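Peer 1: Following this message is one structure expressed as structure tokens.
The values are calculated or read from the model by the stated rules, or taken from the named source; none is laboratory data. What you are looking at is a predicted structure, and each value in this text was computed from that prediction instead of being measured. Using ideal geometry, Cβ is built from the backbone for each residue, glycine included, and neighbour counts are taken over all protein chains shown.
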Amino acid sequence: MAKGKDKAEGSGEGGGKSGKGGLVKIVLGAVLLLGVGAGGAYGAFAMGLFGEQGAHEPDQPKLVRKDEEDPYAPASKDKDKEGGETVYGEGGSKYRTAYYSFEEAFTANLADSPGLIQVELAVSTRRDGRVLQWVKTHELAIRSAIIGQLAATTEAQAYDVEGKKKLSQRLTKAVNEVLEEKEGFGGIDAVHFKGFLVQ
């Protein structure tokens, strides 16, 4: 029995030596994995995959204060090459307002009569110049949406002050819907009547 006991003790000692070597390998492997993991985490953070850099909001047009420069403003405030005119308004708001005038008038039949409505329009925004660039880019789709809203206007609404106010709100919504569909962001604050004719 002594020999069997010695074998058992001998295998325990040998197992102890290989156990220490295995333990060292496990510790070294864990340290290596932690190092690789930390390096990977740092790399992901540096690339902006998570953390403060990755949590920024989408790049959408921002409100522009009057004392700030708009990096997206057109080169000149005069007539643009494509047609319409961009003008900047003054006033009590801390944000500057930019206006874009459509060069051509909008004409449509009224909803409940043989009469016609013809309007000259401008849009305004307090956001950066991208919004008005988008209005110019998508003017054809915007014209179509505006004409659709004009055609849904009744003669009574066309003559009524409150009806005109509601028409302006509907036109603003229609323009923003086109911009949201095409660019993912509206940004038009109001549609303004420069001319209004019902006949």
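Peer 1: Could you check, for the stretch 106-125, whether at least one of its residues is out of contact with any helix residue (DSSP H, G or I) (no Cβ under 7 Å at 6 or more places or on another chain) and of a type in the set (Phe, Trp, Tyr)?
Peer 2: Taking every residue of the stretch 106-125 in turn, none turns out to be out of contact with any helix residue (DSSP H, G or I) (no Cβ under 7 Å at 6 or more places or on another chain) and of a type in the set (Phe, Trp, Tyr).
Peer 1: Sticking with this structure for a sec: Tell me yes or no: at least one residue of the stretch 127-144 is over 24 Å from TYR72 (Cβ atoms), in the same structural domain as SER93 (by TED's automatic domain parsing) and in a helix (DSSP H, G or I). Can you show your working first?
Peer 2: Taking the stretch 127-144 first, the residues over 24 Å from TYR72 (Cβ atoms) are 144.
From what is left, the residues that are in the same structural domain as SER93 (by TED's automatic domain parsing) are 144.
Next, from what is left, pick out any that are in a helix (DSSP H, G or I): 144.
Yes: the stretch 127-144 contains one or more residues that are over 24 Å from TYR72 (Cβ atoms), in the same structural domain as SER93 (by TED's automatic domain parsing) and in a helix (DSSP H, G or I).
Peer 1: Could you say whether any residue in the stretch 18-36 is modelled with pLDDT under 70, not in a strand (DSSP E or B) and not basic (Lys, Arg)? Don't jump to the end; show me each part of the working.
Peer 2: First pass over the stretch 18-36, keeping only residues modelled with pLDDT under 70: 18-19.
Now drop any that are not not in a strand (DSSP E or B), which leaves 18-19.
Checking the rest, the ones that are also not basic (Lys, Arg) come to 18-19.
Within the stretch 18-36 (the criterion being modelled with pLDDT under 70, not in a strand (DSSP E or B) and not basic (Lys, Arg)), the answer is yes, since at least one residue qualifies.
Peer 1: I'm told ARG127 meets every condition in (1) surrounded by fewer than 19 Cβ atoms within 10 Å (Cβ to Cβ); (2) farther than 13 Å from VAL175 by Cα except one. Can you identify the failing condition by its number?
Peer 2: The one condition ARG127 does not meet is (1).
Per-residue answers, yes or no, for (1) among the aromatic types (Phe, Trp, Tyr); (2) modelled with pLDDT of 85 or more; (3) assigned by TED's automatic domain parsing to the domain that holds ILE142; (4) in a loop (DSSP other than H, G, I, E, B):
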position	(1), (2), (3), (4)
ASP67	no, no, no, yes
PRO71	no, no, no, yes
SER76	no, no, no, yes
GLY92	no, no, yes, yes
TYR100	yes, yes, yes, no
ASP112	no, yes, yes, yes
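Peer 1: Under 7 Å by Cβ, and 6 or more places apart or on different chains, what pairs join a residue from the stretch 161-190 that is farther than 14 Å from ILE146 by Cα with one that is of a type in the set (Gly, Ala, Ser)?
Peer 2: Qualifying pairs under 7 Å: GLY163/ALA156; GLU180/GLY186; LYS182/ALA141; ASP189/SER124.
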